[in-house]
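Have a look at the structure below, then the notes.
The values are calculated or read from the model by the stated rules, or taken from the named source; none is laboratory data. Computed from a predicted structure; not experimentally measured. Glycine gets a Cβ as well: all are built from the backbone with ideal geometry, and neighbour counts include every protein chain shown. For accessibility, only protein heavy atoms count, side chains too; no ligands or nucleic acids. Shrake-Rupley method; radii C 1.70, N 1.55, O 1.52, S 1.80 Å.
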Amino acid sequence: MQGDDAELTAAVRAAQNGDEAAFRTVYRSVHPRLLGYVRTLVGDPDAEDVASEAWLQIARDLGRFSGDADRFRGWAARIARNRALDHIRKRGRRPATGGDETELTGRPAESDTASEAIESLTTGHTLSLIARLPQDQAEAVVLRVVMGLDAKTAAETLGKRPGAVRTAAHRGLKRLAELLADDPSYADGLDAVPSPRQPKRPPVTSAAVTHPRAGTQRDM
């Protein structure tokens, strides 16, 4: 268990025993990412209210929780998602979707792109772009990359198979890279998303000397 996870696990357990300072530690650790997730579901105007409702339930039900830091983040995300969906139903609105989610089932991505981006994705510069993704992709990216959940925990949160979540996250990150590339104001974010592997170039021989040329965006 990493240091931050060990600290969060200890704080959760202390909060379950009534330690208010520990609960504040839990809140400070989880809330920013949880709020980012809620924003992808209900949008900016209502995100704070929905997140507050989620934290009220988290505080109320904390004594029934069992598990480590990763399971706590997944548990908190499920509560936040349920509160967000309740909010959407009450408002008579539905989150934007992008296609039939069933096509993802049973089709795992070739590589776990989300885990490759976890350490480098700058959420402050990209959450507004993530919100432009199809809903299934946006949720998968936020749960995997922003919340830091593994595929199994994210799948439990969404009620899907891990392979479907990996595929949605993979597609979402690929689309996010395209959005970043098309938006000059997010130029710094290009480093946040893994780039495709460069094709191998033939070796230079004495018979054919090639001169280096400036790289273009198409080469990236």
Task: In Å², nearest 10: area of GLU156 left accessible to a 1.4 Å probe - done: 80
TODO: Could you calculate the FRET efficiency of ARG91 with PHE65 from 1/(1 + (r/R0)^6), where r is the beta carbon distance between them and R0 is 22 Å, rounded to 0.05?
DONE: 0.15
Open item on the list: Using a 1.4 Å probe on the protein heavy atoms only, what accessible surface does PHE23 show? Give it in Å² to the nearest 10.
Closed with: 50
Task: Segment GLU48-ARG28, extension gain: residue separation times 0.36 nm, minus the distance between their alpha carbons - done: 5.8 nm
Task: Spacing of the two label points (7 Å from each Cα toward its C-beta) at GLU7 and LEU56, in nm - done: 3.0
